[in-house]
Amino acid sequence: MTNLHLPKLTPTTLVDGLGRHISYLRLSVTDRCDFRCVYCMAEDMTFLPRNEVLSADELYRLADVFVTAGINKIRITGGEPLIRPGIVDLCARISALPGLQELVLTTNGSHLSTLAAPLAAAGVSRINVSLDSLKADRFQAITRHGKLDHVLAGLDAAKTTGFNKVKINTVVLAGRNEDEVVDLVRYAIKQGFDISFIEEMPLGDVGRARAENFYASSQIRADLAQHFRLEESDYQSGGPARYVALTDHPQTRIGFISPHSNNFCGSCNRLRMTANGRLLMCLGHEGSVDFRSLLHQHPNDSRPVLNALHQALQHKPKQHEFVVDELQVVRFMNATGG
Ligand code: SAM
Ligand code: SF4
């Protein structure tokens, strides 16, 4: 790995054209994955040629520019970030950037049993782990390739590793796993984890009509209210989730990410960088800026990269326009950097 000796940039703050403060970057380190979750990917996928994926040095350089620009939280994501070779070293480099307050990561958990401790040591302070079912056969059907026992072992390792917080992410699909929301909350309580329930977003053609499986956050909340005492909470994790507290289990918070039933765009503070260096201003829009080309055009000076970021932000859309049963964005979630 090379050390980058580029002219120093002047720190700035990031404000978009609508006055929203932008402080959070989701950085995708690969579009590949060892799972093929039914809501995220089609069965047969074509991935980026490896030579188009950002190198570790390019990822680090972009993180450096974005933190200087005013980003204080980076989430490493993908695809599955833990299948990228060198991921622990990359996390260690990025977490050491002055000005970065939090390095966090989202994973499917398949490699967490061995990587939880090295990641925590590398400065990853919180992790989100996707878990859609506690039934092995169902888990395999939803992920197409996943092994539940590997992920649960990963979660056990994460629990004892010293992350500030572990959060479960569950995409809830009617007819697939909506009957498990209570059991998943019980599991989160037992482990001392938070849990967020996500409404499926229409990203990419996954070979079925998504409306058939739509299950609203409000319905999940009603299901949970029959088993737990729920309280409003003003807790913010810096992402799109809205939280409720459990009166009898204060260590576990329940989040709802509700792109359909509760639009979160007004408070959006996020940007996404795809694995091939395209900066997406919004999950629900196709517009992007090619930062990989900018890095190549300016190998010894990051100022044009910083300027391009400020310019791009003036075009960040007001909101996504997801409709449950329409395919509006051709990009799959794994290509987006979820
Ligand atoms: N592979 C990692 C994982 O699964 O956690 C990180 C990348 S994944 C794209 C990030 C998150 O996006 C996961 O929690 C996943 O459940 C969610 N996701 C993927 N496709 C989605 C979709 N179409 N709608 C809503 N959430 C989705
Ligand atoms: Fe892979 Fe995550 Fe997409 Fe599932 S949600 S296919 S684990 S990238």
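The values are calculated or read from the model by the stated rules, or taken from the named source; none is laboratory data. As the structure is a computational prediction, the values presented were derived from the model and not from experiment. Heads up, the Cβs are rebuilt from the backbone with ideal geometry, glycines too, and the neighbour counts pull from every protein chain shown.
Please go through region 97-142 and pick out each residue that is in a loop (DSSP other than H, G, I, E, B) and within 16 Å of ligand 2 (Cβ to nearest atom).
Of everything in region 97-142, those that are in a loop (DSSP other than H, G, I, E, B) and within 16 Å of ligand 2 (Cβ to nearest atom) turn out to be Asn108, Gly109, Ser110, His111, Leu131, Asp132, Ser133.
Whether any residue in region 115-135 is closer than 24 Å to Gly207 by Cβ and surrounded by fewer than 17 Cβ atoms within 10 Å (Cβ to Cβ) is what I want to check.
Yes; the residues of region 115-135 include at least one that is closer than 24 Å to Gly207 by Cβ and surrounded by fewer than 17 Cβ atoms within 10 Å (Cβ to Cβ).
Within the group Val166, Val181, Val206, which residue is buried (at least 16 other Cβ atoms within 10 Å of the Cβ), in contact with an Asp or Glu (Cβ under 7 Å, 6 or more places away or on another chain) and hydrophobic (A, V, I, L, M, F, W, C)?
Val181
Residue by residue through region 48-64, note down the ones that are under 17 Å from Pro299 (Cβ atoms), surrounded by 21 or more Cβ atoms within 10 Å (Cβ to Cβ) and out of contact with any Lys or Arg (no Cβ under 7 Å at 6 or more places or on another chain).
Of everything in region 48-64, those that are under 17 Å from Pro299 (Cβ atoms), surrounded by 21 or more Cβ atoms within 10 Å (Cβ to Cβ) and out of contact with any Lys or Arg (no Cβ under 7 Å at 6 or more places or on another chain) turn out to be Leu59, Leu62, Ala63, Asp64.
Test each condition in (1) over 22 Å from Glu102 (Cβ atoms); (2) at pLDDT below 70; (3) under 18 Å from the mean Cα position of the chain (by Cα); (4) not in a helix (DSSP H, G or I) for Gly338 and report the one that comes out false.
Unmet condition: (1).
May I ask you to list pairs of residues, at least six apart or on different chains, whose Cβ atoms are under 9 Å apart, with the first in region 37-51 being at negative phi and of a type in the set (Phe, Trp, Tyr) and the second being part of a helix (DSSP H, G or I) and within 13 Å of ligand 2 (Cβ to nearest atom)?
From residues that are at negative phi and of a type in the set (Phe, Trp, Tyr), the pairs are Tyr39/Ile142; Tyr39/Met333; Phe47/Asn334; Phe47/Ala335.
Please specify each residue of region 219-228 satisfying the condition of being exposed (fewer than 13 other Cβ atoms within 10 Å of the Cβ) and assigned to a helix (DSSP H, G or I).
Answer for region 219-228, where residues must be exposed (fewer than 13 other Cβ atoms within 10 Å of the Cβ) and assigned to a helix (DSSP H, G or I): Ala222, Ala225.
Here are Glu212, Glu231, Glu180: which of them is of a type in the set (Asp, Glu) and assigned to a strand (DSSP E or B)?
Glu231
So Ile71 ticks every box in (1) in contact with a strand residue (DSSP E or B) (Cβ under 7 Å, 6 or more places away or on another chain); (2) near ligand 2 (Cβ under 10 Å from one of its atoms) but one. Which box is left unticked?
The single condition Ile71 does not satisfy is (2).
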